[in-house]
Amino acid sequence: MRSDARAPNAIEPPGVRQRHDAGYIIRLMRPGERDVLLVVDVQADFCAGGALAVPRGDEVVPLVNRLARAFVHVVLTQDWHTPGHVSFASSHPGRKPFETIELAYGAQVLWPDHCVQGTPGAALHPALAIPRAELIIRKGYRREVDSYSAFCEADRRTATGLAGYLRERGLARVFLAGLATDFCVAWSALDARARGFEATVVEDACRGIDTGGSLAQAWAEMAAAGVGRIAAAALVA
Ligand SMILES: [Zn+2]
């Protein structure tokens, strides 16, 4: 971590260039061998017409495709629930989507049924075009445990294996894009930091759900944890 108090989230990667863009100086970063783009949950159910559509979620797809071409390494995540999953409001009689309940592992927001294994809604968005992706990590596949994070399930104990994968491959800096900013992206970024990785959210390549102030809270928690925040223009010319 850098100690510069004025810019706690700044990154000083190798190969920094600068470019003037509409009066601003944008530092261009060239992702390298230690960098990975983590594309979070860009799935049909989280986009327009899906069971849990994130507002304007579709908009990220072309930008995520461009971003992916700038990275040597890309990993995708896929929300992948059983039927009757504990995170579904329909699994709790009398409950409605977006209510919060207490489960053995803590608070759980209840969602519409979404991303059920093998259904069209669980598929990656059809316009997502990242043939170079090296790994698709599925999460939330245990009926009794949700997993917003790509690293650790909601019981905060069960690892998905992603940290070990990144470490074995020497990938140290995680750049995040996808859906939704205030849930799966934020939890993944926070868990990346907690496991010793650098983490930076590409803000305009994400969209949030923002229920009950969740978006502002997520950004505050990420800033406090040293998660960087950049625009895609810093990575793609
Ligand atoms: Zn889910």
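The values are calculated or read from the model by the stated rules, or taken from the named source; none is laboratory data. Here the structure is a predicted model, which means the values were calculated and not measured. Here Cβ is always computed from backbone atoms with ideal geometry, including for glycine, and neighbour counts include all displayed protein chains.
Out of the residues in region 115-150 meeting the condition of being hydrophobic (A, V, I, L, M, F, W, C) and within 15 Å of the ligand (Cβ to nearest atom), tell me which one is surrounded by the fewest Cβ atoms within 10 Å (Cβ to Cβ). Ranking the qualifying residues of region 115-150, first place goes to 123. Scanning region 164-215 for residues that are without any contact (Cβ under 8 Å) to a residue 24 or more places away in the chain and among the basic types (Lys, Arg) yields a single hit, 167.
In region 90-114, the residue that is farthest from residue 37 (Cα to Cα) out of those that are loosely packed, with under 15 Cβ neighbours inside 10 Å and touching a helix residue (DSSP H, G or I) at 6+ places or on another chain (Cβ under 6 Å) is 95. For residue 103, the conditions (1) within 24 Å of residue 178 (Cα to Cα); (2) within 15 Å of the ligand (Cβ to nearest atom) all hold with the exception of (1). Of note, residue 141 does not satisfy the criterion of being aromatic (Phe, Trp, Tyr) and in contact with a helix residue (DSSP H, G or I) (Cβ under 7 Å, 6 or more places away or on another chain). Taking helices (runs of 4 or more DSSP H) as the structural unit, those lying wholly within region 149-237 and holding at least 3 residues that are closer than 26 Å to residue 100 by Cβ correspond to 186-194, 214-224. Listed by first and then second residue, the pairs with beta-carbon distance under 6 Å, at least 6 apart or on different chains, first residue in region 73-88 and over 14 Å from residue 166 (Cβ atoms), second basic (Lys, Arg), are 78/138; 80/138; 82/143; 85/143.
Show the residue pairs that are 6+ apart or on different chains and have beta-carbon atoms under 8 Å apart, the first residue being within region 99-112 and under 15 Å from residue 143 (Cβ atoms), the second being surrounded by fewer than 16 Cβ atoms within 10 Å (Cβ to Cβ) and basic (Lys, Arg). Every condition considered, the pairs that remain are 105/156; 110/95; 110/96.
May I ask you to verify whether residue 155 is closer than 21 Å to residue 79 by Cα, crowded, with 23+ Cβ neighbours inside 10 Å, within 16 Å of the ligand (Cβ to nearest atom) and among the acidic types (Asp, Glu)? No; evaluated as a whole, the condition is false for this residue.
Any residue in region 100-119 that is assigned to a loop (DSSP other than H, G, I, E, B), among the acidic types (Asp, Glu) and at pLDDT 95 or above?
yes
Name the residues in region 50-67 that are in contact with a strand residue (DSSP E or B) (Cβ under 9 Å, 6 or more places away or on another chain) and aliphatic (A, V, I, L, M), would you? Residues satisfying the conditions are 51, 52, 54, 60, 63, 64, 67. The residues of region 195-226 that are out of contact with any Lys or Arg (no Cβ under 6 Å at 6 or more places or on another chain), hydrophobic (A, V, I, L, M, F, W, C), crowded, with 16+ Cβ neighbours inside 10 Å and farther than 20 Å from residue 70 by Cβ, listed by number, are 209, 215, 218, 219, 222.
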